[in-house]
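Asks: Can you keep this structure in mind? I'll have questions shortly.
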Amino acid sequence: MRRKIMPLLIAAVLHLVLPGAGSRAKQQDARDDSVKLSVAYVLLDAQVLSKKTGLAVRGLNRGDFVLYEDSVKQHIEYLSQEKLPLSIVLLLDVSSSIAPVFGRLQAAAEKALQQLGPADEVALMAFGGTARVVLPFTTDKELAARSINEVDGAGLEQGTDINEGVYRAALYLKTFVEFPKRRVILAITDDVPSRVITSPAESLVFRELHENEITVCGLMFQNPVGRLLVRQIPGSIKTYALETGGGVLSAEGKKLEANLSELVEHLRTRYSLGYISTNPKKDGKFRKIKLDLVPEARQQMGEVRITVRSGYYAKPRGG
């Protein structure tokens, strides 16, 4: 009995003498989780939402998921929620339909970004016909929000090129964010391109997103006049979000603040899953991914909606 009591007494004393020990232990756990993920892992960022409430489902473990790569079942080696740090590029459309709401957007971002953790970082990019970095990655969320009002179209080509904006944001994440941080592009736009011929091509943008494990999300303003263009010009935030497992919400009216906060909350509470593929070939081919809950977990959790990227290119990370 003494052997069982003594460790508990020691732990209680340490907690009283070192009140910050618990938080430091959590930070160490997060670092340990990052170390566990070697470059051999395929890392997935998955969102699990309750269809009834729209809230993130918490508390799932590896045994609750079933994962397939090209129809072959895979063994999930790693699972965490809210542990791996986020690197988010806020990709801001500077077209005339969006610029008038920058003030409201800044206020909404000030609230939404405070949900992020201390290690999470945010960068700000503006895009029109081309794209540029307004604010490099920072963990100062207030600075990131304030910088929204400083965004303008200076130095950018006229027009709106969705493909160009997403592509440049993806390259920026690829260059400055190392594995295993979670890479996200959060585009704030009406999703209406104005260039019939875009560069780069949609297929090249998709490849960059999949190769670098980037999730695209969107906060959408409505532009009824431009709806026909979306059908004619390849490349849209909605399409990129669907393929990479991201979410898209409306920014109209009073929804702006609530839905931006909801998007950030969903990003923060996504599950990170790591596995080593049963197919060892690094042939550069695209492999399809399917993620679901096992029947027992679905029965316990009720109806859920799972979003995850559609697949990845089998090549050495960074190659």
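Asks: Decide, for the stretch 86-268, between rounded, prolate and oblate: order the square roots of the alpha carbon gyration tensor eigenvalues as a ≥ b ≥ c, take rounded if a/c falls under 1.5, and otherwise choose prolate if a/b is larger than b/c, else oblate.
Replies: In terms of gyration-tensor shape, rounded.
Asks: Excluding residues on the same chain fewer than 8 positions from Lys174, give the aspartates and glutamates whose Cα lies under 14 Å from its Cα.
Replies: Hits, sequence-local ones excluded: Glu208, Glu211, Glu213.
Asks: Moving on to the next point. Longer than 24 Å from Cα to Cα, which of Lys83/Lys282; Lys254/Lys290; Lys51/Lys238 are they? Say none if no pair is.
Replies: Lys83/Lys282; Lys254/Lys290
Asks: Another question about this same structure. Which FRET efficiency value, to the nearest 0.05, is calculated for Thr138 and Val39 with the Förster distance at 25 angstrom and r the Cβ-Cβ distance?
Replies: Efficiency, from the Cβ-Cβ distance: 0.40.
Asks: Hey, can you rank 105-118, 48-61 by average C-beta count inside 10 Å, highest first?
Replies: In descending order of packing, they fall as 105-118, 48-61.
Asks: So what's the net charge close to Leu156: Lys and Arg +1, Asp and Glu -1, counting the other residues with Cβ under 12 Å from its Cβ?
Replies: With Lys, Arg at +1 and Asp, Glu at -1, the neighbours total -3.
Asks: List the aspartates and glutamates whose alpha-carbon lies under 16 Å from that of Lys255, not counting same-chain residues fewer than 8 positions away?
Replies: Counting by Cα, and skipping residues close in sequence, Lys255 has these aspartates and glutamates nearby: Glu110, Asp190, Glu265.
Asks: Turning to a different aspect of this structure: So for the pair Arg146, Leu204, with labels modelled 7 Å out along Cα→Cβ, what separation do we get in nm?
Replies: So the two model labels end up 3.8 nm from each other.
Bear in mind these aren't lab numbers, they're just calculated from the coordinates by the rules spelled out. Values in this document were obtained by computation on a predicted structure and should not be read as measured data. Note: ideal-geometry Cβ built from the backbone for every residue, glycine included; neighbour counts use all protein chains shown.
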